[in-house]
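Enquirer: Here you go, one structure.
The values are calculated or read from the model by the stated rules, or taken from the named source; none is laboratory data. Keep in mind that what you see is a predicted model, and the values were worked out from it rather than measured. We place every Cβ from the backbone using ideal geometry, glycine too, and count neighbours over all the protein chains shown.
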């Protein structure tokens, strides 16, 4: 219902947008969970050299998709467009006063096949029914993971369904069948796991946590998924200051920017039957793994108080997402919040289970009708149409007369590449013979400089699994120093690093003049990981 309004808003001028927003006719929001908590200096894992006294921030944001929205027993599985029920993207963000930003994304969503589950008054007796054959399901399954791979890279599925319940076992078997026949794995013909962009780990949560250790045993999943966690890495950025000098008087100016250092190159997709209780506990563990890896790379250590805050944040996240889908807070949240299951937590889970039974049988139908109406999915419901003839006429005229108000300019681009053979020699040497070769003055100091390095790190198994960005950053500093020294000779402005990226031993760094930054938009990069075997053959 609101999509036409969103499109109309995008066409308005800033002043008109402000007027529309002030009217409160349209309010942009996400459905899910969002909370930021302060981490005091005494508990912050990142110790800053400058004593600002400011706290760090730990944030969790969960975004629930509206593509197949609904309540617990009314929205299950996948649709023909590859959308699944209870599909949530959750991002863990840690910000330090030093300007360092960490981010890690995970996904959860219903088992992506066509299945249903009827409500019932007896707990755990609701029958699971698969409604389509494997051949009819595969196209929709492939759409789902193709979109996911396009947005996030490689996908590792963590399936928490039970092997002892017939309905869940049947879902797991079909899930595994579709994964093995996915084009991301080369279809049924490709059997080498090294080439797989889609992997699946079946982890029977109930069986694994049945012993005396209880839910604490769930942490053993770390050892099973550690290789993928190392390969996916995490997002890391930092604030940097560039001191620039320009003009004949070499006037100094400072530009502050956020520069990405690492990119997350894959994602875990976790599911159980409802993608609520078991899923939230395992996602908490995976988030802790990513944060711990980030701190280990910096030789830092988190305090117990920090992990308590982290667990409490995830427990709140689980409760909010569970209320949306099932009508109550999440089960097992006592363990997620405190690291142990108390008697009070067991009693709270029993109360929530009883409340869910009532909600699913007597209240969810009305909630589902409301959701369907808001999303325009009721049969016979007419779509909302907004006519904007002024905008349509203006757009057509602007396109027809574009030559009257647009202009083009010529820029110079320098591109170079070098094989370092894993060495760091040359970092403090003069690189001008390569970066600034003799040429006409008009060709000196190009607006854009693209520098590529091969074998910037030694090709070891450790580097292939988790690349160290430090060598690339050191070479970027050396290149930038040489470019700016050459710019000073010709009285030109200095360069800044626009973006740098790295895939094991290959890196690409883009430098631009400071004045060009405002004219550059939509900078995007993509990294496609391949198997170690392909890397070896490529370098040999």
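The rows are residues; the columns are (1) outside the structural domain of residue 120 (by TED's automatic domain parsing); (2) surrounded by 12 or more Cβ atoms within 10 Å (Cβ to Cβ); (3) within 35 Å of the chain's Cα centre (by Cα).
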{"site": "357", "(1), (2), (3)": "no, yes, yes"}
{"site": "361", "(1), (2), (3)": "no, yes, no"}
{"site": "365", "(1), (2), (3)": "no, yes, yes"}
{"site": "369", "(1), (2), (3)": "no, yes, yes"}
{"site": "401", "(1), (2), (3)": "yes, no, no"}
{"site": "412", "(1), (2), (3)": "yes, yes, yes"}
{"site": "416", "(1), (2), (3)": "yes, yes, yes"}
{"site": "421", "(1), (2), (3)": "yes, no, yes"}
{"site": "425", "(1), (2), (3)": "yes, no, no"}
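Enquirer: Among the helices (runs of 4 or more DSSP H) contained in the range 158-235, which hold 2 or more residues that are over 22 Å from residue 115 (Cα atoms) and modelled with pLDDT of 90 or more?
Expert: Hits in the range 158-235: 205-208, 221-232.
Enquirer: While we're here: State whether one or more residues within the range 296-317 are in a strand (DSSP E or B) and under 22 Å from residue 102 (Cα atoms).
Expert: Among the residues of the range 296-317, not one is in a strand (DSSP E or B) and under 22 Å from residue 102 (Cα atoms), which makes the answer no.
Enquirer: Return yes when residue 55 is surrounded by 15 or more Cβ atoms within 10 Å (Cβ to Cβ), touching a helix residue (DSSP H, G or I) at 6+ places or on another chain (Cβ under 7 Å) and closer than 29 Å to residue 103 by Cβ and no when it is not.
Expert: Here the answer is no, as residue 55 does not meet what is asked.
Enquirer: Follow-up question, since we're still on this one. Just checking, which of 103, 140 is within 30 Å of residue 239 (Cβ to Cβ) and in the same structural domain as residue 294 (by TED's automatic domain parsing)?
Expert: Just a single option satisfies the conditions, and that option is 103.
Enquirer: Now, a different point. Give me the residue from the range 1-33 that is surrounded by 14 or more Cβ atoms within 10 Å (Cβ to Cβ) and within 30 Å of residue 95 (Cα to Cα) and, out of that set, modelled with the lowest pLDDT.
Expert: So the residue we want is 21.
Enquirer: Consider residue 481 against the criteria (1) in a helix (DSSP H, G or I); (2) without any contact (Cβ under 8 Å) to a residue 12 or more places away in the chain; (3) within 38 Å of the chain's Cα centre (by Cα); (4) over 23 Å from residue 242 (Cα atoms): it satisfies all of them except one. Which criterion is unmet?
Expert: Here residue 481 clears every test but (4).
Table: residues versus (1) in contact with a helix residue (DSSP H, G or I) (Cβ under 8 Å, 6 or more places away or on another chain); (2) surrounded by 17 or more Cβ atoms within 10 Å (Cβ to Cβ); (3) within 22 Å of residue 264 (Cα to Cα).
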site	(1), (2), (3)
75	yes, yes, no
95	no, yes, yes
113	yes, yes, no
120	yes, no, no
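Enquirer: Which one of 437, 446 is free of Cβ contacts under 8 Å to residues at least 40 places away in the same chain, part of a loop (DSSP other than H, G, I, E, B) and in contact with a strand residue (DSSP E or B) (Cβ under 6 Å, 6 or more places away or on another chain)?
Expert: Details: 437 fails: in contact with a strand residue (DSSP E or B) (Cβ under 6 Å, 6 or more places away or on another chain).
Unique residue meeting the criteria: 446.
Enquirer: Considering each of 109, 82, 99, 153 in turn, give the residue that is in contact (Cβ under 8 Å) with a residue 12 or more places away in the chain, under 25 Å from the mean Cα position of the chain (by Cα) and crowded, with 21+ Cβ neighbours inside 10 Å.
Expert: Result of the check over 109, 82, 99, 153: 109.
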